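Visitor: Quick one: structure below, then a few questions.
Nothing in this text is a laboratory measurement; each read-out follows from the coordinates by a stated rule. The model shown is predicted, which means the values in this text are computed figures rather than measured ones. Cβ atoms come from the backbone with ideal geometry, glycine included; neighbour counts cover every protein chain shown.
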Amino acid sequence: MSGENTRIRVRIGSERVESGVPNAAAETVPTIRETFTPPIDIHDGPEGLTLEADLPGATERDLDVQLEDNVLSLYARIDPPVPEGARLLHEEFRLGDYQRSFILSDEVDRDGITAELTNGVLRLFLPKSDRARTRRIEIKS
C-alpha cells in the first residue's frame, strides 16, 4: 500500500451490503472468522473530533464505514496474504476482521464526516455542529 491518503465513503442511512463489505467476493464455504476490536485514539480539537483506528492490512476495498441514526460503525474484512499455491504452516501474527461502533452525540455535524485510510490507519473527522462550536459573543454598550 502506498503512503497516499485514500478517501473512504461514509454511508449514511440504512443501505446494506449483503457481505458487509462493498466489492467483497462471495464466499462459497462459510468460515469462522475472528473479529477484533481495533484500538482507537480520539482527539478533540476546536473544529471537531478525530478518531484514529489501527486496522493493519486494511485497504479501501476491505473497509466499510456507515452512519445509521446515531451509530457510526466501522467494519473491515482482512484476508491474510498467502502466496498462490501455498498453504499456511505456522502463523504468529493473526489477522481477522475488525469491528467497532460509536454512538454520536447531537454535537456532531453528520453531513461533514470524512474518512481517510493511510498505511492501515483510518482517520475519521467528525466536525462539530455550528451550535456546538465555541464562539465569542460581543458585548455592546
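Visitor: Which of the chymotrypsin sites (Phe, Trp or Tyr not before Pro) across the range 34-138 are loop residues per DSSP, with 13 or fewer other Cβ within 10 Å?
Guide: Phe93
Visitor: Which whole-number percent gives the relative contact order of the range 66-124, counting Cα pairs below 8 Å spaced six or more residues apart?
Guide: 34
Visitor: Search the structure for amide H atoms under 5 Å from the amide H of Glu68, placed 1.01 Å from N in the peptide plane, and list their residues when 5 or more places away or on another chain.
Guide: Gly13, Ser73
Visitor: Report the residues of the range 83-125 in range of a label on Arg131: point 7 Å along Cα→C-beta, backbone N strictly under 20 Å from it.
Guide: Zone members listed by number: 103-113.
Visitor: Okay, moving on. Under 5 Å between amide hydrogens, which residues at least 5 positions from Ser129 or on another chain qualify, with H placed 1.01 Å from N in the peptide plane?
Guide: Sorted by chain and number, the residues that satisfy this are Val108, Asp109.
Visitor: Relative to the present Cα-Cα distance, how much length would full extension add between Ile40 and His90 at 0.36 nm per residue of separation?
Guide: So the extension gain works out to 15.1 nm.
Visitor: Hey, what do the phi angles of the range 119-129 turn into as Karplus ³J(HN,Hα) couplings, whole Hz, using 6.51/-1.76/1.60 and θ = phi - 60°, x for Gly and Pro?
Guide: My calculation for the range 119-129 gives 6, x, 10, 8, 10, 10, 9, 10, x, 6, 6 Hz in order.
Visitor: With θ taken as phi - 60° and the coefficients 6.51, -1.76 and 1.60, list the Karplus ³J(HN,Hα) couplings across the range 106-115 in order, rounded to whole Hz; mark glycine and proline as x.
Guide: These are the phi-based 3J(HN,Hα) values: 6, 7, 9, 7, 4, 6, x, 5, 10, 9 Hz.
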